[in-house]
1. Hey, can you tell me all the residues within segment 153-171 that are of a type in the set (Val, Ile, Thr) and under 17 Å from Glu236 (Cβ atoms)?
2. Restricting to segment 229-247, give me the number of residues that are within 16 Å of the chain's Cα centre (by Cα) and either farther than 21 Å from Ala82 by Cβ or touching a residue at least 40 places away in the same chain (Cβ under 8 Å) (or both).
3. Please verify whether segment 235-247 includes one or more residues that are over 30 Å from His106 (Cβ atoms), among the aromatic types (Phe, Trp, Tyr) and modelled with pLDDT of 95 or more.
4. Is it the case, given these coordinates, that Ile74 is assigned to a loop (DSSP other than H, G, I, E, B), at pLDDT 95 or above and among the hydrophobic types (A, V, I, L, M, F, W, C)?
5. Can you tell me which residue is surrounded by the most Cβ atoms within 10 Å (Cβ to Cβ) among those in segment 200-214 that are assigned to a helix (DSSP H, G or I) and in contact with a helix residue (DSSP H, G or I) (Cβ under 6 Å, 6 or more places away or on another chain)?
6. Need the failing condition index for Asp33 against (1) among the acidic types (Asp, Glu); (2) exposed (fewer than 13 other Cβ atoms within 10 Å of the Cβ); (3) touching a residue at least 60 places away in the same chain (Cβ under 8 Å), just the number.
7. Give the residue, chosen from Val145, Val138, Val149, Val103, that is modelled with pLDDT of 80 or more and in contact with a Phe, Trp or Tyr (Cβ under 6 Å, 6 or more places away or on another chain).
8. Residue by residue through segment 171-187, note down the ones that are surrounded by fewer than 16 Cβ atoms within 10 Å (Cβ to Cβ) and either not in a loop (DSSP other than H, G, I, E, B) or not hydrophobic (A, V, I, L, M, F, W, C) (or both).
Amino acid sequence: MGFFDFIFKRKQRRRARVVAEPFPSEWRPWVVDAVPRFALYHDADKKTLVDAIKIFLAEKEFRILGDLPEVDHIKVTVAAGACQLLLGIPELDIFPRLREVIVYPHHFTETTEAIGPDGRPYQISQTRAGEAWLRGPVILAWDSVARSVASPGDGYNVVIHEFAHILDMQNGAADGIPPLATKQDDEVWLKVFFEEFRMFVADQRAGRRTLLNPYGATAPAEFFAVASEHFFEHPERLHRHHPRVFDLMRRFYRPPATR
């Protein structure tokens, strides 16, 4: 057996042990809250999601900051919200490059340095609900996660948004082009996605209202993440208002059938 075969089989055995562990009954309502369509999934897909959540919790390190109570609630909510993205794309594994999730109690501030016209550096502070890094952690504000769970169907979900970035970065930098299944998918995506992005930017500049969050106009990566939020939160409305974007999301995520 070669070295990589050994590593792969060891990973399989470890995951088999994790999946064999019982799923605490008190966790299931948290999964239902984080994944409102859970009750509509077929039993096999429910099991697949629960198994993915178990593996996520076993393999990812959580750092929960501040005085947040109910640590298990936080972990299961984040894991369930993230793993729902993977149900139709098991070949992408369970966020293999991600090692750590950091959860703050509230919105956090990020400070970056920029250079002014006079050549002098200055600081820019931005308040954020979440962040995802190429080889770093996912950072989330728990108040934003709780808001997302409390208002399903409003098109805002910070967990979906940030983990969509992680999927986008699975084949390189965040650029709005996730790892697609076939060359034909790549060709369709490159044509349609960027046409839709340019039209969306034009709508924002013209002051036209759209279903999608205007934040999606800041970059292709944000357009993909925002479209992902809407696809999982209210796919029917996304299909009605942005049918080509809906088709792209369905082509990539391949969501499971519901009852």
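1. Within segment 153-171, Ile160 is the sole residue that qualifies.
2. Residues flagged as within 16 Å of the chain's Cα centre (by Cα) and either farther than 21 Å from Ala82 by Cβ or touching a residue at least 40 places away in the same chain (Cβ under 8 Å) (or both) within segment 229-247 amount to 5.
3. yes
4. no
5. Ranking the qualifying residues of segment 200-214, first place goes to Phe200.
6. Of (1) among the acidic types (Asp, Glu); (2) exposed (fewer than 13 other Cβ atoms within 10 Å of the Cβ); (3) touching a residue at least 60 places away in the same chain (Cβ under 8 Å), only one is false for Asp33: (2).
7. Unique residue meeting the criteria: Val103.
8. Within segment 171-187, Asn171, Gly172, Asp175, Thr182, Lys183, Gln184, Asp185, Asp186, Glu187 meet the criteria.
The values are calculated or read from the model by the stated rules, or taken from the named source; none is laboratory data. The shown structure was predicted, so the numbers you read here are calculated from the model rather than taken from an experiment. All Cβ positions, glycine included, derive from the backbone under ideal geometry; neighbour counts span all protein chains shown.
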